[in-house]
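Each reported figure results from applying straightforward, stated rules to the coordinates on display, with no laboratory input. Note that the coordinates shown come from a computational prediction; the quantities given were computed from them, not determined experimentally. Backbone-built Cβ (ideal geometry, glycine too); neighbour counts: all protein chains shown.
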Amino acid sequence: MDGGSRTIDGRNVMIFGADVIAKIHDETTIAPFLDHELFHLYHTTWFPDCDALWCSLWQEGMAVYVASRMNPGASERQLLLDIPQPLPAAVNPRLGEAMCLARAKFASTEQADYAPFFFGRPSAGPFPARFGYYLGYLLAGKVGTSMTLMEMAHMPPAKVRPLLEKALAEYGACPAPGKG
Amino acid sequence: MILATIMAAALAAQASPASTAPREKAAPVTAPADFTAHTAAFTAFFDETATMPEAERVRLFRKRFNTLFPGFYQPNGRTEAQYDAAVAAALTGFPAIRSKYTAASNAFAQAFTTGQARFIKTFPDYKPTCRSIWSTRSARWTADHAPSTGAT
C-alpha cells in the first residue's frame, strides 16, 4: 500500500507506506499521488463508501481524474495508470468490451467482481489488473465535460449513478446477458 | 502488505462522524492535519536488533511497534504465524530498499505539507478530517486499493 485510510481504535487515520512509496514513486509522481489520496479523504464528505462496483468506479475514477486536472499534462506513470502495465494501451483496443464488463457488474457488491477491476494482484480476467482505475478515469472525464471539479466532487450517490450509467452507455451497446 | 504496514508513516487526523450531509459552508483549512512518521523508528529498530535471533526480533518488533501505534501493527485477518513470517521477511528485505526508503521518508513530510496546500487551492472547503470507514470496504480498500508491487 502506498496510501490508504483506516479506522484504528476508533480513530480515523490516513496511512502512507514508505516502502511502497520508495518503490513506485519519485519526485514526479508524489504530487499527483497525494492529490489522489487527499481527494479520497475529501470526497467521502459527499460520497460515502459503498460496496457496489459503480461506487468504486466513481471514487477511484474521480481520484485519478482530479489528479490529472490538478497536474495538467500528467503522464500515465504520474497517474499510476502504468501499473502493472500501461493500462490505456492494454484496454483501449477493447475499450467497448471493458465498459460492457463494467456495465454487467455495475451494481455487484461481490468482491470476486470487484477484484479484477481494482486489485493489484494478477488477474485471470480479460483485462489487466487495476483496469477499473482507467475506466473510472475515462467515465469521470465524460461527466466532467459538463461540470466543474467541485461540482463533481460534491455530488451524492443518487446524482452520480445515473450520470455514470449515461457515460457508460456512450461507449456503445453491450451484448444481452447470456450472449456475451 | 507487511512492508507497508511495518514502515508506515501515519497521518493521524481528527476523527469526525460519518455524514452524507453537504458541508459546503465548511471553513477553509487553516492548519494541516497532524503528521506522525514511524519510519525513523523502524530504521533504528532494524539497526539495533541486527544481531538478534529472528524469532526474538520479530517478537520485539511487534511489541514495540504495537505500543508505538496501537491497533495497527497486527495480523488483520492473517494468522499469527503468517504475520510473524511477514514481519521477518520485511526485516530481511529491508537492506535492499533502505536507501530509497530513507530518501522517500526524508522527503515525505514536506511533500505532504505542500500537497495539502495545493489541494486546498483547488478545493477550498477541504477539511483534514478523516471519515468513518465501513469495515468491509475499508478492509478491501486498504489491502488492495493501491498498486501492488509484490509487497503484499
Zone of A:Arg11's modelled label, taken as backbone nitrogen in the stretch B:62-78 under 20 Å from a point 7 Å along Cα→Cβ: B:62-76
Residue order, fewest to most surrounding Cβ atoms within 10 angstrom, among A:Trp58, A:Trp46: A:Trp46, A:Trp58
Residues A:Thr109, A:Thr7 arranged by fewest to most Cβ contacts within 10 Å: A:Thr109, A:Thr7
At 1.002 mPa s and 20 °C, Stokes diffusion of the stretch A:19-127 via Kirkwood alpha-carbon radius, µm² per second: 143
Dipole of chain A [Lys/Arg +1, Asp/Glu -1 at C-beta], most positive-end residue of A:Leu149, A:Ala22, A:Ala107: A:Ala107
Potential extension, A:Met150-A:Ala107 segment - 0.36 nm per residue separation minus Cα distance: 12.9 nm
For B:Thr36, residues with placed amide H under 5 Å, excluding near neighbours: B:Ala10, B:Leu11, B:Ala12
25 Å Cα-Cα threshold exceeded, pairs from A:Lys105/B:Lys127; A:Lys23/B:Lys127; A:Lys105/A:Lys159; A:Lys105/A:Lys166: A:Lys105/B:Lys127; A:Lys23/B:Lys127
